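The values are calculated or read from the model by the stated rules, or taken from the named source; none is laboratory data. Small disclaimer: the values here were computed from a predicted structure and weren't measured. Please note: Cβ atoms are built from the backbone with ideal geometry, for glycine as well, and neighbour counts cover all protein chains shown.
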Amino acid sequence: MKHLLSIVFALFSVCAIAQTGKISGKISDVTGTSLDATSIRIPKLKIGTTSDNQGNYVLENVPFGTWEIEVNHISYSIYKETITVNSESVSKDFTLDEKSSELGEVVITATMKEVSKLESPVPVEVYTSKFFKANPTPSLFDALQNINGVRPQLNCNVCNTGDIHINGLEGPYTMILIDGMPIVSGLSTVYGLSGIPQALIDRIEVVKGPASTLYGSEAVGGLINVITKRPGNAPIISADVFGTTWAEVNADLAAKFSVGKKAQSLLGVNYFNYSNPIDNNNDNFTDVTLQNRISVFNKWSFDRKDNRVFTLAGRYVYEDRWGGEMNWEKKYRGGDEVYGESIYTSRWELMGNYQLPVSEKIFFQFSANGHDQNSVYGNTPYMADQKIAFGQLTWFKTLGKHDLLTGLAYRYTYYDDNTPATADAADLDKNKPTHTNLPGIFIQDEITFNDNNKVLLGMRYDYNSLHGSILTPRVNYKWSSENKNNVLRLGFGNGYRVANVFTEDHAALTGAREVVFINDLKPETSWNGNLNFVKKINAGNTFIGLDATAFYTYFTNKIIADYDTDPNKIIYDNLDGHAVSQGISLNIDVVFPNGLKILAGATAMDVYSKEEGEKVRQLFTEKFTGTWNIGYTFRNIGLTIDYTGNLYGPMRLPLLSDTDPRSEYSPWWSIQNIQLTKKIGKNIEIYGGVKNLLNWTPNKGNPFIIARANDPFDQNVQFDGNGQAMVTPDNPYGLTFDPSYVYGPNQGIRGFLGFRYNLF
């Protein structure tokens, strides 16, 4: 009887084993490019795997039966298909489409892990490289102009440096990440954004509102995560070159290659040149800054056991830019004969992500960068050197309904310049570079109560070696309907930031105004709440997406540049009161079955400070902004037309005196573009069009933009006993030289033509 039972048990085991099989195949996109790191899983069975660097996958131990399989790649739409397993081996290849406008796309910024946008408890906006091709630009700074609620703000009429505003909050409150690492900060917040070429971008993820719990104290207003292309997904060779009728030339070249069987590399070079001084507004100053820039990027991906992650990337940027009087030459650099602003930027970056060889999901992210700036503003030199090192260890752990993330982070910042910012307090003639250490620890718990309700709790503690302890909590709640067509998100969090005026505010450097600090600047602190609602409508074969958000940020302290008290000074002090940024935004996404796509957005906001009962509207901040991106493809002839644009309401601008004839508020203004793209075969695209169709420039309606452009060193200005400019026959408005009256690009209508080549 004992032997009989053994035989029966053995036969039963064989039968059981025979009732499982495997699914294998290859995953690629519509161009035939193999897709690595693609997730393949059967949700009902809770089993899955990922594809290797050749796009191959094997899903083993699949019970016989009919199952829904889900294929998910971070850069493509989620693909689902029902597969029947009735033999030991089933072969199935998958071809993934580029992302549609549906809510199934994958994001990582909100929680530091790959999750579908639909399931993320934090609202994240995703913009793929195709979105930016509708209006090709040479840099990240320019590429963001058609994203609702995000505005590239020029800060100087002469050198055209700028920063990125989110929902009305200035650039220093926006954290820029590259592949999840905070390497764009300090000097590069103002001077490094133009050095990030658009061709490197796989997609951009935007979080509006504080993200300080995961990313540190600088993410007060929001963050922009630039996800660069993976070597495995990139073409073997690619080129994207275009020029404009203003004699601008931009070239992006890239090549992918393998070293052995376990290493893939993507090498890219971007070159931008504009060397054609133009003065259409006849003020004897260049309308647009002259630039000569090269950026080299190299990213490596290594195959490891069990598909563990190891990536390494580096980038170097060199830029020579100048703006000023039309007859300026390098021999005048730093002198007071001919006015010019000349900036040499040399910047290097190194970053990587390594998954530890342990059973737990633990990652070590690291980065380092150096930024050297050699610049002069007229006869005022600004020399700065910044070095930042960053390391972060994260551990992902799932326990029942709890998705836990814990992390340890450390950031070191070295900064030195020739301004009072790094002078010894006891002896201003003695240089004293700053060394800032910022260790931190954070924990996040994402609790899934059921398919419809989810809560995200987070807390971060940092210790700033100069300013002490920083605590930033975070709470997010997500509800979705049964059919997932309605999603409601509620978020609340804290923001904390240490201001560094000379690295973040270009106006402090021009020399046109004296910089004055009333008191020692304290850290800025804020609280934010936002409510987000997403509605997905399928009207026949037409998809309609609505994404609405209400936001409110309250600052208990904020460092605001005061241009109004004294026209010869910029005064910085702690806020004796409070500041508020509040508003609502709406994005509408419509995809028609005939190929017409419409993405439009609008944001209405009120940004102000209140001290001693007086409410003051923030400078350079519009109350309304609108954006649109409309595209249509004639599929039978391979021709696409894209119409993009933005619309901005009036902004309050800094005037120099009561007699300043310039308008205190900017007019309503709009930049609109149109582009035609013709596909030739599988590998070539020719594109061209017109930028700034309305030929709008900020000088229209104003007698001048740059104050006293005819006397940039104030040699003929007479001052009274209080240091104020006097009204004289040579100076009828009582002004001094000042290029800070700027709110938009001073480049008129221009045509462009380019081509793209991709070999897969």
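From the list Leu393, Leu405, exactly one residue is farther than 30 Å from Glu337 by Cα and in contact (Cβ under 8 Å) with a residue 60 or more places away in the chain. Which is it? Full working, then the answer.
Values: Leu393 fails: in contact (Cβ under 8 Å) with a residue 60 or more places away in the chain.
Selected residue: Leu405, the only one of Leu393, Leu405 that is farther than 30 Å from Glu337 by Cα and in contact (Cβ under 8 Å) with a residue 60 or more places away in the chain.
When the stretch 336-382 is filtered for residues that are touching a strand residue (DSSP E or B) at 6+ places or on another chain (Cβ under 6 Å) and aliphatic (A, V, I, L, M), the ones remaining, listed by number, are Val338, Ile343, Leu350, Met351, Leu356, Ile362, Ala368, Val376. Annotation for the stretch 687-703: at least one member residue is over 30 Å from Thr380 (Cβ atoms), in contact with a helix residue (DSSP H, G or I) (Cβ under 9 Å, 6 or more places away or on another chain) and modelled with pLDDT of 90 or more. Among the residues of this structure, Thr677 counts as one that is in contact with a helix residue (DSSP H, G or I) (Cβ under 8 Å, 6 or more places away or on another chain), at pLDDT 90 or above and among the polar types (S, T, N, Q).
Okay, residues lined up against (1) aromatic (Phe, Trp, Tyr); (2) at pLDDT 75 or above; (3) under 24 Å from Leu253 (Cβ atoms); (4) assigned to a strand (DSSP E or B):
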position: Thr189; (1), (2), (3), (4): no, no, no, no
position: Ala199; (1), (2), (3), (4): no, no, yes, no
position: Ile204; (1), (2), (3), (4): no, yes, yes, yes
position: Thr213; (1), (2), (3), (4): no, no, no, no
position: Ser217; (1), (2), (3), (4): no, no, no, no
position: Val220; (1), (2), (3), (4): no, yes, no, no
position: Leu223; (1), (2), (3), (4): no, yes, no, yes
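With respect to Asn716, is the statement that it is touching an Asp or Glu at 6+ places or on another chain (Cβ under 7 Å) and free of Cβ contacts under 8 Å to residues at least 24 places away in the same chain true? Considered against the rule, which asks whether it is touching an Asp or Glu at 6+ places or on another chain (Cβ under 7 Å) and free of Cβ contacts under 8 Å to residues at least 24 places away in the same chain, Asn716 comes out as yes.
Determine, yes or no, whether Arg662 is of a type in the set (D, E, K, R) and within 26 Å of Ile749 (Cβ to Cβ). So Arg662 passes the test.
When you scan the stretch 712-736, how many residues do you find that are among the aromatic types (Phe, Trp, Tyr) and more than 20 Å from Lys700 (Cα to Cα)?
Here the count works out to 2.
Among the residues making up the stretch 299-349, those that are of a type in the set (S, T, N, Q) and surrounded by fewer than 17 Cβ atoms within 10 Å (Cβ to Cβ) are Asn307, Asn327, Ser346.
Inspect the stretch 207-218 for any residue being in contact with a His (Cβ under 9 Å, 6 or more places away or on another chain) and under 30 Å from Leu471 (Cα atoms) and give the result as yes or no. Looking for residues that are in contact with a His (Cβ under 9 Å, 6 or more places away or on another chain) and under 30 Å from Leu471 (Cα atoms), one finds none in the stretch 207-218, hence no. Of the residues contained in the stretch 429-440, none is found to be in the same structural domain as Asn453 (by TED's automatic domain parsing), out of contact with any strand residue (DSSP E or B) (no Cβ under 6 Å at 6 or more places or on another chain), aliphatic (A, V, I, L, M) and modelled with pLDDT under 95.
Of all the criteria given as (1) within 22 Å of Leu759 (Cα to Cα); (2) assigned to a strand (DSSP E or B), the one not satisfied by Gly232 is (2).
List the strands (runs of 3 or more DSSP E) that sit entirely inside the stretch 609-705 and contain at least 3 residues that are surrounded by 14 or more Cβ atoms within 10 Å (Cβ to Cβ) and either assigned by TED's automatic domain parsing to the domain that holds Ile237 or in contact (Cβ under 8 Å) with a residue 40 or more places away in the chain (or both). Please lay out each step first, then the result.
Values: elements: 614-617, 624-634, 639-648, 669-680, 684-691.
Here the list reads 624-634, 639-648, 669-680, 684-691.
The lone criterion from (1) farther than 30 Å from Gln145 by Cβ; (2) touching a residue at least 12 places away in the same chain (Cβ under 8 Å) left unmet by Gly721 is number (2). In the set Asn716, Asn746, which member is buried (at least 18 other Cβ atoms within 10 Å of the Cβ) and within 24 Å of Glu341 (Cβ to Cβ)? Selected residue: Asn746, the only one of Asn716, Asn746 that is buried (at least 18 other Cβ atoms within 10 Å of the Cβ) and within 24 Å of Glu341 (Cβ to Cβ). Filtered by the rule that a residue be of a type outside the set (Gly, Ala, Ser) and touching a strand residue (DSSP E or B) at 6+ places or on another chain (Cβ under 6 Å), the stretch 32-42 gives Leu35, Thr38, Ile40, Arg41, Ile42. Residues that are modelled with pLDDT under 50 and among the β-branched types (Val, Ile, Thr) within the stretch 7-50 comprise Ile7, Val8, Val14, Ile17, listed in sequence order.
Restricting attention to the stretch 720-734, the residues that are at pLDDT below 90 and either over 43 Å from the mean Cα position of the chain (by Cα) or assigned to a loop (DSSP other than H, G, I, E, B) (or both) add up to 5.
Could you say which residue among Leu408, Leu399, Leu404, Leu393 is over 30 Å from Asn157 (Cβ atoms), surrounded by fewer than 20 Cβ atoms within 10 Å (Cβ to Cβ) and in contact with an Asp or Glu (Cβ under 7 Å, 6 or more places away or on another chain)?
Numbers: Leu408 fails: in contact with an Asp or Glu (Cβ under 7 Å, 6 or more places away or on another chain); Leu399 fails: in contact with an Asp or Glu (Cβ under 7 Å, 6 or more places away or on another chain); Leu393 fails: in contact with an Asp or Glu (Cβ under 7 Å, 6 or more places away or on another chain).
Selected residue: Leu404, the only one of Leu408, Leu399, Leu404, Leu393 that is over 30 Å from Asn157 (Cβ atoms), surrounded by fewer than 20 Cβ atoms within 10 Å (Cβ to Cβ) and in contact with an Asp or Glu (Cβ under 7 Å, 6 or more places away or on another chain).
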